[in-house]
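Below is one structure, written out as structure tokens, with a few remarks after it.
The values are calculated or read from the model by the stated rules, or taken from the named source; none is laboratory data. Bear in mind that the values here come from a model prediction, so they are computed numbers and not experimental data. So basically every Cβ, Gly included, is an ideal-geometry build from the backbone, and we count neighbours across all protein chains shown. The protein model used for the area step is the full one, side chains on, heavy atoms only, and it has no ligands, DNA or RNA in it. Shrake-Rupley method; radii C 1.70, N 1.55, O 1.52, S 1.80 Å.
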Amino acid sequence: MKKILPVTWVVLILSALFSSCQKQDQKISLVMSELNPEESVSGRMSTVFKQKVEELSEGKIEIRLFFSGILGDQKQVMEILKTPGGTIQLASGPGNFSTYLEGGAEKSSLLSIPYTFKNDEHFWAFANSPLAEQILNEPYEMGLGVKGLYYAHEGFRHFFSNQKIDRLEDLSGKKMRVPGKVFRKLASAFNSVPVEVSYTNLYASFQTGVVEVAEQPISNYLSNSFNQVAPYLILDSHIIGSISVLINSECWDSLSQNQKNVLILAGKYAADYCHQIVDDANDLAMVILKSEGVTITPVEDIKPWQNACIEMRNEAAAVDPELYQQILDLAK
């Protein structure tokens, strides 16, 4: 279990300061979309975010939280989220939100470059740095309709398949689900056939043979029952499963400074909570998957996987080479 980070006691102190301002704020209700199930790492974090917002605001800000993509897949949710006056004000989704924002915010795509983050602590060093704030603020500054509140992660992503995968070459020719252009290039680098399928349709796509390979963090693989249709997992840790929580820009602008502070601080608290649970959640998921008969293959030599990505890594980093190098330099 992770140690509680300093932000936790900061929240406790500042919550007392917020109470003097609550009387000036009108009660508001915000709808939040969560793509994953309630018991997933992301779902649990969103629950904690909701609870902390309502606690810090003394009930003046209500979060109506909907799980498992009930409000739509990621593309549908983002379309509503970025629209002024839309019915969704908050959404938890992938850290690389550039795929769903036409016209820019390409900096977030740097987080999807394979083998960027060396380990868990490398990511958290980024998430708690001004570099993360720079990326989260980019779509707001560009007038794209959303603003990022905070970053977290669900663990490193690994490939899973309906056929056994022992090595990189086994991905060749397989139909791989890709959620965006960076992943499409990754599929091509591994000689797979990229297939765009929404997350909410992924389970069914395995059943129908539309997809043969996909990738997710271990806990998501289990919580979405993907092991039932694709019981072969190979631990290559190609990309970390970053999460971003976004808010509609018009909604953000309408909030008082106190309300904004509540959301920001609740976000820090929720990210801290995720930091504490994510490793244990993935470790437990691994135990359960083994007990359910999933074939789990470790990668003994990651270099061939990394070498296959060199060209696409360089191309993807060209979005902002200086920023990408700064992210790399945060590794300890």
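Kirkwood Rh over Cα pairs of the range 103-249 into Stokes-Einstein at 4 °C, 1.567 mPa s: D in µm²/s?
Estimated diffusion coefficient is 80 µm²/s.
Could you rank the peptides 297-305, 229-237, 28-36 by their average count of other C-beta atoms within 10 Å per residue, with the highest value first? Mind dumping the intermediate values first?
On the way: 297-305: 12.6, 229-237: 20.3, 28-36: 22.0.
In decreasing order of mean packing, 297-305, 229-237, 28-36 become 28-36, 229-237, 297-305.
Give me the net charge of Pro114's neighbourhood, meaning all other residues with Cβ under 10 Å from the Cβ of Pro114; Lys, Arg count +1, Asp, Glu -1. Walk me through the intermediate numbers first.
Details: positive: Arg157, Lys185, Arg313; negative: Asp236.
Local charge sum for Pro114: +2.
Roughly what angle does helix 257-291 make with the longest principal axis of the chain, taking Cα atoms, 0 to 90 degrees, to the nearest 10?
30 degrees
Packing-wise, with mean Cβ within 10 Å as the measure, how do 74-82, 265-273, 323-331 rank, highest first?
Values: 74-82: 20.4, 265-273: 24.1, 323-331: 16.0.
For the peptides 74-82, 265-273, 323-331, the packing ranking is 265-273, 74-82, 323-331.
Counting Lys and Arg as +1 and Asp and Glu as -1, what is the net charge of the other residues whose Cβ lies under 15 Å from the Cβ of Ile135?
Values: positive: Lys107, Lys147; negative: Glu106, Glu133, Glu138, Glu141, Asp320, Glu322.
Counting the neighbours of Ile135, the net charge comes to -4.
Evaluate E = 1/(1 + (r/R0)^6) for Glu322 and Asp253, where r is the Cβ-Cβ distance and R0 equals 25 Å; express this FRET efficiency to the nearest 0.05. Write down the numbers at each step before the final one.
On the way: r = 30 Å, r/R0 = 1.19.
Computed FRET efficiency for Glu322 and Asp253 comes out at 0.25.
Rounded to the nearest 500, what is the chain's calculated 222 nm mean residue ellipticity when only DSSP H runs of at least 4 contribute -39500 (n - 2.57) each, over all residues?
Values: 13 runs with 142 residues, N = 332.
Taking each H run of at least 4 residues, the total per residue is -13000 deg cm²/dmol.
Which whole-number percent is the relative contact order of the chain (Cα, under 8 Å, 6+ apart)? Could you put the intermediate results ahead of the total?
Numbers: 618 pairs, mean separation 85.3, N = 332.
With pairs under 8 Å counted, the relative contact order is 26 percent.
Please report the antiparallel percentage of the DSSP beta bridges confined to the chain, to the nearest 5.
55 percent
Can you flag which of Lys60/Lys268; Lys185/Lys290; Lys52/Lys147; Lys260/Lys332; Lys82/Lys181; Lys75/Lys303 are past 27 Å Cα-Cα? Don't skip to the answer; put the middle values down first.
Numbers: Lys60/Lys268 19 Å; Lys185/Lys290 31 Å; Lys52/Lys147 20 Å; Lys260/Lys332 33 Å; Lys82/Lys181 20 Å; Lys75/Lys303 34 Å.
Too far apart for the 27 Å limit: Lys185/Lys290; Lys260/Lys332; Lys75/Lys303.
With a 1.4 Å probe and all protein chains left in place, how much accessible area per residue does the chain have, in Å²?
On the way: 14100 Å² over 332 residues.
Result: 42 Å² per residue.
Compute the whole-percent fraction of alpha carbon pairs in the chain spaced more than 32 Å apart.
Values: 14598 of 54946 pairs.
It works out to 27 percent of all Cα pairs.
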